[in-house]
Amino acid sequence: MSITVNGIDELKKLAGSDLGASEWIEVTQERIDTFADATGDHQWIHVDPEKAKEGPFGAPIAHGYLTLSLFIPLFTELLDVEGVSTKVNYGLNKVRFPSPVKVGSKIRLVGKLDSVEDVPGGVQITVDGTIEIEGGAKPAAVLQSLSRFYA
């Protein structure tokens, strides 16, 4: 369920709000392989299912940065900001990967809009995000993301 706001003033009113949770998405071997091809990271723990079965996790796992890259499409399910000219990913304050994402797992994002601060021409938001693994005791990723929205 997405929260939609129109413009920077409405976005500012959401500061401190929980944004809810995205839908679950499955992390398939095909997605992992495509990410490996795009980045050149073909480590066996990700792309060799037979060898990975004998590895420390008992199955292939997603790259941590693949999990992180899914933040944006998952985040767009939580918050839609209309009435702005530009939306820019500004960076990250911190990221941790407490638990690996095994192939076939489902993940989702739970987010909180921590702050909305003025910057020249717009605002910068800080989002506290947790990428959960369905049925997992620990999250796949815990992060603090920065985005900018320009009027």
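The values are calculated or read from the model by the stated rules, or taken from the named source; none is laboratory data. Just so you know, these numbers come straight off a predicted model, no measurement behind them. Quick reminder, even Gly has a Cβ in these numbers, built from the backbone with ideal geometry, and neighbours come from all protein chains shown. Note: accessible area is taken over every heavy atom of the protein model, side chains too, but ligands, DNA and RNA are not part of it. Shrake-Rupley method; radii C 1.70, N 1.55, O 1.52, S 1.80 Å.
Taking only segment 102-126 into account, find how many residues are open to solvent by 60 Å² or more (accessible area, probe 1.4 Å) and not in a strand (DSSP E or B).
1
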Inset, instruction - Within segment 104-116, identify whether any single residue is under 26 Å from D48 (Cβ atoms), in contact with a Gly (Cβ under 9 Å, 6 or more places away or on another chain) and not β-branched (V, I, T), and answer yes or no. - result: yes
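Does G129 satisfy the condition of being surrounded by fewer than 14 Cβ atoms within 10 Å (Cβ to Cβ) and at pLDDT 95 or above?
no
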Legend entry - Selection from segment 134-151 of residues that are open to solvent by 20 Å² or more (accessible area, probe 1.4 Å) and part of a strand (DSSP E or B): V142, Q144, R148, Y150
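Being in a loop (DSSP other than H, G, I, E, B) and either at pLDDT 95 or above or open to solvent by 80 Å² or more (accessible area, probe 1.4 Å) (or both) is the filter here, so list the residues in segment 1-38 that pass it.
Pass one, segment 1-38, residues in a loop (DSSP other than H, G, I, E, B): 1-2, 7, 14-17, 22-24, 27-28.
If the condition is that a residue be in a loop (DSSP other than H, G, I, E, B) and either at pLDDT 95 or above or open to solvent by 80 Å² or more (accessible area, probe 1.4 Å) (or both), then M1, G7, L14, A15, G16, S17, S22, E23, W24, V27, T28 are the ones that fit.
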Inset, instruction - Could you name every one of the helices (runs of 4 or more DSSP H) located completely within segment 39-101 that has at least 2 residues being surrounded by 12 or more Cβ atoms within 10 Å (Cβ to Cβ) and free of Cβ contacts under 8 Å to residues at least 24 places away in the same chain? - result: 44-47
